[in-house]
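Asker: Before we start, here is the structure in question, set down as structure tokens.
Bear in mind that the values in this text are calculations on the coordinates, not laboratory data. Computed from a prediction, not measured in an experiment: that's the story for all the values here. Using ideal geometry, Cβ is built from the backbone for each residue, glycine included, and neighbour counts are taken over all protein chains shown.
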Amino acid sequence: MKPMLLTSAALSLLAISPALAGQAEHDPYSLNMRLRHETVDQDGLPETASALTLRTRFGLQTPPRDGVTFLVEAENTVHLIDNFADTVAPRPGYPVVADPEVTELNRFQIDWRGDSGVGVTIGRQWFVMDDQRFAGPVGFRQNSQSVDAIRLRSGHVWPVALDYAYIDRVHRIFGDDHPAGEFDSASHAAEARGETPLGTLSAFGLLLDFENAPGLSSQTYGLRLTGTHEAVAYRLEYARQFAHAGNTASFELDYLRVEGDYDAGHYTVGGGIEILGGDGITGFQTPLATLHKFQGAADVFLNTPADGLRDIYLRGQWSFPHAVPGPLSLGFAWHDFASDDGGTGYGSEIDLVAGLSLTERVSAEAKAAVFDGDAGGPVDRTKIWLSLVFDY
């Protein structure tokens with residue numbers, strides 16, 4: 001399929017429904033601006049990265065008409081302080097901050113939803129599976145990840161909910177100026193979900209076919225059980241991954257996650273273990289995931305090591321809804337990293353975050369990640385983020 005085939009399909013569908021664009025006197029719009037300063041101090045590099053970036057995202061979405069909505073959204077990131085390697089412009093001696101200057105069409109989609117939840121989305125869109133472990137928009141970075149895709153949902157027509165997507169192209173966080181800024185894709189993703197006495201049981205599969213990145217092409221099949229019992233939420237997840245399409249490697253790798261959290265109202269504490277297998281040559285990969293959410297905020301393990309990765313973690317979050325001037329949240333996480341069998345230590349990490357609502361539309365966040373690497377493994381690094389967000 002041509003790179004813009006699905007976006008063209010959205011335009012064609014819009015042309016078929018000419019009343020869509022003008023069916024309301026005032027169509028709702030959105031504006032999100034995030035000003036963020038990020039510093040990175042990484043062993044082995046003589047310079048400390050200092051990045052002050054501003055992300056502006058403006059969108060327009062029509063109200064539903066006969067279940068149909070149209071969404072268009074543009075995104076721009078500019079550098080105000082650029083003492084860092086942004087993955088596009090080389091800066092020898094500086095750590096990477098993966099926020100290049102980008103101006104692009106972030107989303108351009110038509111969505112139809114029926115009364116029972118059945119629906120179809122066509123065009124450039126965010127693609128999310130469950131908690132984004134296998135696919136997500138990478139919302140932490142300034143430039144989000146979107147896909148040109150057709151997505152179908154069965155809603156509540158049957159006892160088992162079905163969700164399917166064909167992905168024609170992946171627009172990654174690095175932007176069009178990066179040689180790996182896009183995946184030319186012919187990929188499929190599907191999930192079936194049903195309710196059981198123990199919780200929601202899901203079966204899922206991803207057949208990723210990237211013509212310009214065959215080493216990341218894979219087929220993954222998995223099962224997931226999520227549920228709650230009184231104040232405890234739990235997750236059991238298993239998947240197996242094989243080579244697919246143009247990937248000439250031969251591997252069979254396992255993925256396992258077991259976690260639980262206790263919710264006491266104003267605070268939540270929990271932890272778990274996540275294992276991504278490795279065979280000494282290849283590690284279990286999730287190239288469409290929102291990776292910043294997993295294996296530590298320092299982003300040390302964006303690519304799974306060849307010997308796999310075992311992450312044992314504890315986490316907690318406290319909320320103070322009556323703080324001044326607005327609600328305050330505090331969070332922490334601790335990680336211990338090793339190879340998948342635990343035989344080789346990689347290091348440990350501590351993450352801290354505080355978020356404060358300043359007004360109804362303005363919020364601030366401070367976040368830090370400190371990774372302490374073991375000898376022979378990834379190097380030590382400290383990352384600090386200070387953000388101010390306006391959301392309308």
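Asker: Step by step: first the residues of the range 298-327, then only those that are touching a Pro at 6+ places or on another chain (Cβ under 8 Å) and in a strand (DSSP E or B), then the one that is farthest from residue 283 (Cα to Cα). Which residue is that?
Answerer: Taking the candidates together, the pick is 320.
Asker: Sticking with this structure for a sec: How many residues, within the range 173-195, are within 29 Å of residue 223 (Cβ to Cβ) and out of contact with any Gly (no Cβ under 9 Å at 6 or more places or on another chain)?
Answerer: Selection size over the range 173-195: 8.
Asker: Just give me the residues in the range 268-319 being surrounded by fewer than 17 Cβ atoms within 10 Å (Cβ to Cβ), touching a Ser or Thr at 6+ places or on another chain (Cβ under 8 Å) and over 18 Å from residue 373 (Cα atoms), in sequence order.
Answerer: Hits for the range 268-319 are 316, 318, 319.
Asker: Surrounded by fewer than 17 Cβ atoms within 10 Å (Cβ to Cβ), in a strand (DSSP E or B) and out of contact with any Lys or Arg (no Cβ under 7 Å at 6 or more places or on another chain), is that true of residue 349?
Answerer: No: the conditions fail for residue 349.
Asker: Which residues, counting only those in the range 352-373, are of a type in the set (A, V, I, L, M), surrounded by fewer than 17 Cβ atoms within 10 Å (Cβ to Cβ) and over 30 Å from residue 276 (Cα atoms)?
Answerer: 358, 362, 364
Asker: Test of understanding: among 370, 324, which residue is over 30 Å from residue 250 (Cα atoms) and without any contact (Cβ under 8 Å) to a residue 12 or more places away in the chain?
Answerer: Within the list 370, 324, the selection yields 324.
Asker: How many residues, within the range 219-236, are surrounded by 16 or more Cβ atoms within 10 Å (Cβ to Cβ) and touching a residue at least 24 places away in the same chain (Cβ under 8 Å)?
Answerer: Result for the range 219-236: 9.
Asker: Answer yes or no: is there a residue in the range 120-130 that is more than 25 Å from residue 58 (Cβ to Cβ), part of a strand (DSSP E or B) and either among the β-branched types (Val, Ile, Thr) or touching a residue at least 24 places away in the same chain (Cβ under 8 Å) (or both).
Answerer: Filtering the range 120-130 down to residues more than 25 Å from residue 58 (Cβ to Cβ) leaves 120, 129-130.
Now narrow it down to the ones that are part of a strand (DSSP E or B): 120.
Still in the list and also either among the β-branched types (Val, Ile, Thr) or touching a residue at least 24 places away in the same chain (Cβ under 8 Å) (or both): 120.
For the range 120-130, residues more than 25 Å from residue 58 (Cβ to Cβ), part of a strand (DSSP E or B) and either among the β-branched types (Val, Ile, Thr) or touching a residue at least 24 places away in the same chain (Cβ under 8 Å) (or both): present.
Asker: Only one residue in 326, 343, 347, 376 is touching a strand residue (DSSP E or B) at 6+ places or on another chain (Cβ under 8 Å), closer than 25 Å to residue 307 by Cβ and not β-branched (Val, Ile, Thr). Which one?
Answerer: 347
Asker: Got a number for residues in the range 53-106 being over 29 Å from residue 43 (Cα atoms), of a type in the set (D, E, K, R) and not in a strand (DSSP E or B)?
Answerer: So the answer is 1.
Asker: Right, here's the next one. Looking only at the range 138-164, which residues are assigned to a strand (DSSP E or B), small (Gly, Ala, Ser) and touching a Ser or Thr at 6+ places or on another chain (Cβ under 8 Å)? Let's see the steps before the verdict.
Answerer: Within the range 138-164, the subset assigned to a strand (DSSP E or B) is 146-153, 161-164.
Still in the running and small (Gly, Ala, Ser): 146, 149, 161.
149, 161, listed by residue number.
Asker: Further, regarding this structure: Based on this model, can you work out whether residue 110 counts as in contact with a Ser or Thr (Cβ under 7 Å, 6 or more places away or on another chain) and either β-branched (Val, Ile, Thr) or part of a loop (DSSP other than H, G, I, E, B) (or both)?
Answerer: no
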